[in-house]
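Everything below concerns the one structure shown next.
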Amino acid sequence: MRILILGDVVGRPGRSAIRDLVPGLIKTERIDLAIANAENSAGGMGVDIKSAEELLSAGAASSGRPTIPPAPRARGGSSGAASPA
C-alpha cells in the first residue's frame, strides 16, 4: 500500500496546491491513500465544509487534527510538570 501524507494545508494557497498537484501524484505514483492535515485549510480558522469538500474532491482524505500523534515527551522532575522555558 502506498500512502501520501500531506502536512499542514493552510488557506487558499494550500488548497490550490492540493487541487493542482495531488490528483496527478495519485495517478503517477499509484497512491492508494492520501491524507491531508486540514486543520488550517479555512485560512487558519479550522476546517469548514467548503475546504473539506475541496480537499476530498482532489482525492485527499482530510483530518481536522494531525493524524499521526507526536512522540511522547520525557517528563522532567518528580512532579511531571513541564519546566519553564
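Read the figures in this text as sums done on the coordinates, not as results from a lab. Everything numeric in this text was worked out from a predicted model, so none of it was measured.
Overview of results
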quantity: Segment GLU29-ILE49, length gained on full extension (0.36 nm per residue, minus Cα span); calculated: 4.4 nm
quantity: Amide H within-cut-off set for ILE5, under 5 Å, with H built and near neighbours excluded; calculated: ILE35
